[in-house]
Amino acid sequence: MAIGLVIGRDENERKKMSSYIQEWMDSLLAQDPQLDLRLYPNLGDINEIDFIVVLNAPTGIFKEFTHVKAILTLTAGVDSLLSDNSLLPHIPIVRIEDPFMADDICQYALTYVLQYMKQVEHWHNLQKHHDWDRRVPFVFSSKTIGVMGLGYLGKRVAVTLSQLGFTVNGWSQSPKEIPGVTVYTGQDQFIDFLQHTDIAVCLLPLTLNTRDILNKNTFSHLKKGAHIINMGRGEQLVEEDLLAALDSGQLTGATLDVFRQEPLPKDHLFWDHPKIIVTPHIASITNPRTAAVQVVENIKRMQKSEEPIGKVDLTQGY
Ligand code: NDP
């Protein structure tokens, strides 16, 4: 059994990512030193490859891999991979569901929820002006967090925040029961969900249904003065609508980790906006040392014809 490791769009990117690629090789081999791991483009006889493990693979390469048992992507989001027209519909795609990644995502959400709840920026501004103006910060129970997307990551965020004493609602496509979290389901309950939300945390996958979902209509239904935290994908946010909602005061702030164009262009308005926090898509970055465990486990499962963890539903697009 041979495994093709395909990381980087082109030679240039592969050079830049060489130490990360090496980390992946080392981490995968640490899980199983017997793996026949072949690094793209030096894959040898392509018919010997049983699995391909990919991250930012060159566009259009997949039609060559007619015999692989699965494509394992080293990301949680699959929108970019699924946009490749060379994917063969009969080959399953498996994504990363790594508990350490979920921890990262929870910590990111918690950081910016607390920043809002504890009005950190307000105190910083007072300090700048040597201003001793005491007032009571928000109490946890007075604000409701609405988590959009209750999948592997969103559910972890909702449960963690709820266990810390926040009031948490969640919204997903299918009904769920999550202790401590009030769940709203589907399009029918979307507006109701928004109307209860002070801090919207987006952890939706990018699909045809979620593209542009953070738009003026959505913002108008949130509670007045709401804050949004977007960790999903940049294409879910209508940027002009966000700027207008911040100007009008309908939203008081936004924490953005993902953008329509990444890296965010140097002259983008978001960089200097006083009500926007920009982070460079770091809410979680796949860690080879932890994620390799799942990749190798999944390969072993599939060799035994067992179901892998994190199989993508190609009809849903996530
Ligand atoms: P999952 O696929 O496990 O979960 C997706 C959730 O979104 C599910 O609860 C699903 O509902 C819900 N959903 C999908 N479409 C809709 C819709 N139209 N209406 C309502 N709910 C919907 O994904 P993960 O939790 O693992 O990851 C979510 C996203 O987070 C990734 O796709 C990626 O874009 C982003 N991400 C960002 C990172 C960062 O560093 N910023 C890092 C990792 C991921 P249901 O449960 O009913 O199917």
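The values are calculated or read from the model by the stated rules, or taken from the named source; none is laboratory data. Bear in mind that the values here come from a model prediction, so they are computed numbers and not experimental data. Here Cβ is always computed from backbone atoms with ideal geometry, including for glycine, and neighbour counts include all displayed protein chains. Accessible surface is based on the protein model in full, side chains and every heavy atom, while ligands, DNA and RNA are left aside. Shrake-Rupley method; radii C 1.70, N 1.55, O 1.52, S 1.80 Å.
Between residue 215 and residue 188, what is the label-to-label distance in nm when each label sits 7 Å out along the Cα-to-Cβ direction?
2.3 nm
Could you tell me how many degrees, from 0 to 90 and to the nearest 10, lie between the Cα long axis of helix 288-303 and the main elongation axis, the longest principal axis, of the Cα atoms of the chain?
Between the helix axis and the principal axis of the chain, the angle is about 50 degrees.
Return the carbon/sulfur percentage of the accessible area of segment 231-315, one whole number, probe 1.4 Å, all protein chains in place.
Carbon and sulfur: 52 percent of the exposed surface of segment 231-315.
Give me the angle, in degrees from 0 to 90, between the Cα long axis of helix 18-31 and the longest principal axis of the Cα atoms of the chain, rounded to the nearest 10.
70 degrees
Taking the full set of protein chains and a 1.4 angstrom probe, give the accessible area of residue 297 in square angstrom, rounded to the nearest 10.
The value for residue 297 is about 80 Å².
In square nanometres, what is the average projected area of the Cα convex hull of segment 25-97?
Over all viewing directions, segment 25-97 projects a mean Cα-hull area of 5.1 nm².
With every atom except the alpha carbons ignored, what do you get for Rg and Dmax of the chain, in angstroms?
In Å, with Rg to one decimal and Dmax whole: 21.4, 71.
What ranking do 95-101, 221-227 get when scored by the average of other Cβ atoms within 10 Å per residue, highest first?
Taking the mean over residues of other Cβ atoms within 10 Å, the ranking is 95-101, 221-227.
Over the chain, give the accessible area per residue in Å² for a 1.4 Å probe, as an integer.
50 Å²
Write down Rg/Rh for segment 169-261, rounded to two decimals, with Rg from the C-alpha atoms and Rh from the Kirkwood relation over Cα pairs.
0.95
Quick check: pseudo-label points 7 Å beyond the Cα along Cα→Cβ at residue 123 and residue 135, how many nm apart are they?
1.5 nm
Normalised radius of gyration for segment 50-165, please: alpha carbon Rg relative to 2.2 N^0.38 Å, two decimal places.
Segment 50-165 yields a ratio of 1.61.
Can you give the Rg to Rh ratio of segment 198-318, both from alpha-carbon atoms, with Rh computed by the Kirkwood formula?
For segment 198-318, the value is 1.09.
Can you work out the Karplus-derived ³J(HN,Hα) for every residue in segment 210-221? Use 6.51 cos²θ - 1.76 cosθ + 1.60 with θ = phi - 60°, whole Hz, and x for glycine or proline.
Each residue's phi maps through the Karplus curve to give 10, 4, 6, 5, 8, 10, 4, 5, 4, 4, 5, 8 Hz.
Give me the percent of accessible area attributable to carbon and sulfur for segment 64-169, probe 1.4 angstrom.
Of all accessible area on segment 64-169, carbon and sulfur atoms account for 55 percent.
Please list the non-local residues whose amide H lies under 5 Å from the amide H of residue 144, H modeled 1.01 Å from N, same-chain partners needing a gap of 5 or more.
Here 198, 199 satisfy the definition.
Per-residue HN-Hα couplings for segment 145-161, Karplus 6.51 cos²θ - 1.76 cosθ + 1.60 at θ = phi - 60°, whole Hz, x for Gly and Pro?
8, x, 8, 8, x, 10, x, 4, 8, x, 5, 4, 5, 4, 5, 4, 5
Could you tell me what % of all Cα pairs in segment 121-196 have separations over 16 Å?
The answer is 55 percent, as a whole percent.
Relative to the Cα centre, what is the charge dipole magnitude of the chain, using +1 at the beta carbon of each Lys and Arg, -1 at the beta carbon of each Asp and Glu, and rounding to the nearest 20 debye?
660 debye
Would you mind checking which residues have amide H under 5 Å from residue 170's amide H? H placed 1.01 Å from N; only 5 or more apart, or other chain.
147, 182, 183, 184
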